[in-house]
Number of protein chains: 2
Amino acid sequence: MKLELQIKMNPSLYLRDPEQSELGKNIIKHSIQLIHDNGFEAFTFKKLAESIGTTEAGVYRYFENKHKLLVYIISWYWGWIQFQLNYQTNNISEPTIKLKKVITLLSKNVEDDITTGHVDEAQLHQILISEGSKAYLTNHVGKDNKQQFFKPYKDLCNAVGEIILECNPKYKYPHSLASTIIEMAHLQNFFMNHLPSLTDFSKSKDESEIIKYLEELVFNTIRV
Amino acid sequence: MKLELQIKMNPSLYLRDPEQSELGKNIIKHSIQLIHDNGFEAFTFKKLAESIGTTEAGVYRYFENKHKLLVYIISWYWGWIQFQLNYQTNNISEPTIKLKKVITLLSKNVEDDITTGHVDEAQLHQILISEGSKAYLTNHVGKDNKQQFFKPYKDLCNAVGEIILECNPKYKYPHSLASTIIEMAHLQNFFMNHLPSLTDFSKSKDESEIIKYLEELVFNTIRV
DNA sequence: TTCAAATAATAGTATTACTATCATAAATAA
DNA sequence: TTATTTATGATAGTAATACTATTATTTGAA
């Protein structure tokens, strides 16, 4: 028996569940590939359809528009990260060790996880770095939020906030610090690779430097 | 004699200098208004032209495309912030006071500055919060960077990094911390207003809470 | 075997992101 | 002053994007 990790997705994100058919899985797979290779702006349903070998109309039966598709794959990623977090911090009692695990999990470039057939997590991680914030930096963020599009992200942020409070129950900004860690793990990675003078990691191009920076930032501010 | 603040812009950003004509100034003014009101995605040169009372072709004579126009107004903003920083920290010898001023300058909602006729800085600040990162989160960030499109942002980041080093010459990540401050001043503001559960400021909707959070973060990590 | 659901094939529309052309008005130089 | 450059206005046109609609064909479950 083959174990497959299934991540439960918000049904408002799709018209037809892409997990339930070959075409659907191909849509996810090729979307990740294309967005990774050319960026979200250059990504169109027409190109996607061509890459899969179906028609534009075929894609539109699964997703209303490309923004919802982006939110879908991003939500999937956060769900997957949440699973990794639970898995990796399970049985660890020392909260500071947990928090370090979290920082590493969020900062480190990911390897493809074979338990999820049609999703390449390494590419997805790169997409999150470059396109992640475009999920919510829109004019319709309020509407999207009401439909719970950002729940996986918020859940993760809450989970990280909980760990921060375990480290220091008196710390006043656990959620803001959690969202800072999550966002900066990605943004400092982007800067390191594309605008290195905005960081102090220029030479190494190594995520371990980002991890050190974030650990120092976090543990000094919560004072443990 | 009326004093007018002029910010020197990178000529690669435009085809014709918008500061040199009424139409040009109107393009800047109405762009800020429209992007502020409807977001960058919904912003088109056609709508802009209609709002000004000119034609699409008229706008294209000034800017090659809407991305360059966005980078233009964002660069203008960073230039203006740099001026404000120099002005406000001039004659302050104590670096920690300087750094606090910087955090406040970046976090606080801005008032319109009357010395710049056609630019509404308050709206521009809001644009930076929602659209700022879209200037560089593109597939062509490398090309844009080579053309120095992000120089004002980098200069600011350097200046903030310098102040951080004045506070603690041994601190290892002045640039990363500077870019973290700049980005988080905006992002925590966005979260506070649109995704409040990602922050700890939900009730107040007051930037002074963000300032406190950032000050604690920064001064604990540089240990002064 | 039949019937519903999914998909493929094709067409069509409104909008976007441009480029090109030509006429006219305003500024400037000879 | 006239001649000439330069900016703007008016209009057209194109390729691509972001969809919607229709019909035919295939697949698969009862």
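Values quoted throughout were computed directly from the atomic coordinates according to the rules given, and no laboratory measurement underlies them. Given the structure is predicted, the values throughout are model-derived calculations rather than measurements. Because the Cβ atoms are built from the backbone with ideal geometry, glycine has one as well, and the counts that use them run over all protein chains shown.
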request  = Consider just the alpha-carbon atoms of segment B:63-161 and return their Rg together with their Dmax, both in angstrom.
outcome  = 14.4, 45
request  = Please work out the FRET efficiency for the pair B:K25 and B:Q148, using the Cβ-Cβ distance as r and a Förster radius of 25 Å; give the result to the nearest 0.05.
outcome  = 0.60
message = Cα atoms only: what Rg and Dmax, in Å, come out for the protein assembly as shown?
response = 22.4, 83
query = Taking every pair of alpha-carbon atoms in segment B:134-197, what share in percent sits in each 5 Å bin, from 0 to the bin with the longest distance?
reply = 4, 16, 18, 18, 18, 15, 9, 2
query = Leaving out same-chain residues fewer than 8 places away, which lysines sit with a Cα under 19 Å from that of B:K68?
reply = A:K134, B:K8, B:K25, B:K29, B:K46, B:K47, B:K134, B:K143, B:K146, B:K151, B:K154
request  = Sum up the charges of everything whose Cβ sits under 10 Å from the Cβ of B:P174, counting Lys and Arg as +1 and Asp and Glu as -1, but leave B:P174 out.
outcome  = -2
ask   = Can you give the extra length, in nm with one decimal, that the chain gains between A:N109 and A:E166 once fully stretched, where that is 0.36 nm per residue apart less the Cα-Cα distance?
value = 17.9 nm
task = Compute the distance in nm between two label points, each set 7 Å from the Cα along the Cα-to-Cβ direction, one at A:I97 and one at B:H140.
result = 5.1 nm
request  = Return A:S12, B:S179, A:S107 ranked ascending by Cβ neighbour count within 10 Å, so the fewest neighbours appear first.
outcome  = A:S12, A:S107, B:S179
message = Angle check, please: helix A:22-38 long axis (alpha carbons) against the longest principal axis of chain A (alpha carbons), in degrees 0 to 90, nearest 10.
response = 60 degrees
request  = Go through segment A:1-68 and name the GluC sites (Glu not before Pro) that are in a DSSP coil and have 13 or fewer other Cβ atoms within 10 Å of their Cβ.
outcome  = A:E4, A:E64
query = Local charge sum around A:Y60 (other residues, Cβ-Cβ under 13 Å, Lys/Arg +1, Asp/Glu -1)?
reply = +3
task = Divide, for chain B, the radius of gyration over alpha carbons by 2.2 N^0.38 Å, where N is the residue count.
result = 1.06
task = Divide by every residue of the protein assembly as shown the summed helix terms, -39500 (n - 2.57) for each DSSP H run of at least 4, and state the resulting mean residue ellipticity at 222 nm, rounded to the nearest 500 deg cm²/dmol.
result = -20000 deg cm²/dmol
task = With r as the distance between the Cβ atoms of A:Q88 and A:K47 and R0 = 41 Å, compute the FRET efficiency 1/(1 + (r/R0)^6) and round to 0.05.
result = 0.70
request  = Among A:M184, A:M192, B:M9, rank each residue by its count of other Cβ atoms within 10 Å, from fewest to most, as a rough exposure measure.
outcome  = B:M9, A:M192, A:M184
task = Would you kindly work out, in nm and rounded to one decimal, the distances from the label point of B:K172 to those of the same position in each other copy, ordered shortest first, with label points 7 Å along Cα-to-Cβ?
result = 2.9
inquiry  = Between helix A:66-89 and chain A, what is the angle of the helix's C-alpha long axis to the longest principal axis, kept within 0 to 90° and rounded to the nearest 10?
reply    = 40 degrees
message = Output the 0 to 90 degree angle, nearest 10, between the alpha-carbon long axis of helix B:95-107 and the longest principal axis computed from the alpha carbons of chain B.
response = 40 degrees
ask   = How much net charge surrounds B:K98 when only other residues with a Cβ under 11 Å from its Cβ are counted (Lys, Arg +1; Asp, Glu -1)?
value = -1
task = In whole Å, largest first, what are the principal axis extents of the Cα atoms in segment B:161-205?
result = 37, 15, 13
query = Residues of B:177-188, mean number of Cβ from any other protein chain within 10 Å of their own Cβ, rounded to a whole number?
reply = 5
note = Note: B:136-147 gets an average of partner chain Cβ contacts (10 Å, Cβ to Cβ) equal to 4
inquiry  = One quarter of the convex hull surface, Cα atoms only: what value does that give for segment B:15-101 in nm²?
reply    = 7.0 nm²
remark   = FRET efficiency for B:Y60 and A:D37 from the Cβ-Cβ distance with R0 = 22 Å, rounded to 0.05, comes out at 0.15
note = Listed with the fewest Cβ neighbours within 10 Å leading, B:I73, B:I97 appear as B:I97, B:I73
Contact order normalised by residue count of segment B:42-162, Cα under 8 Å, 6+ apart, percent = 28 percent
task = Take the rotation relating chain B to chain A, measure from its axis to every Cβ in chain B, and name the nearest residue with the distance in whole Å.
result = B:N220, 2
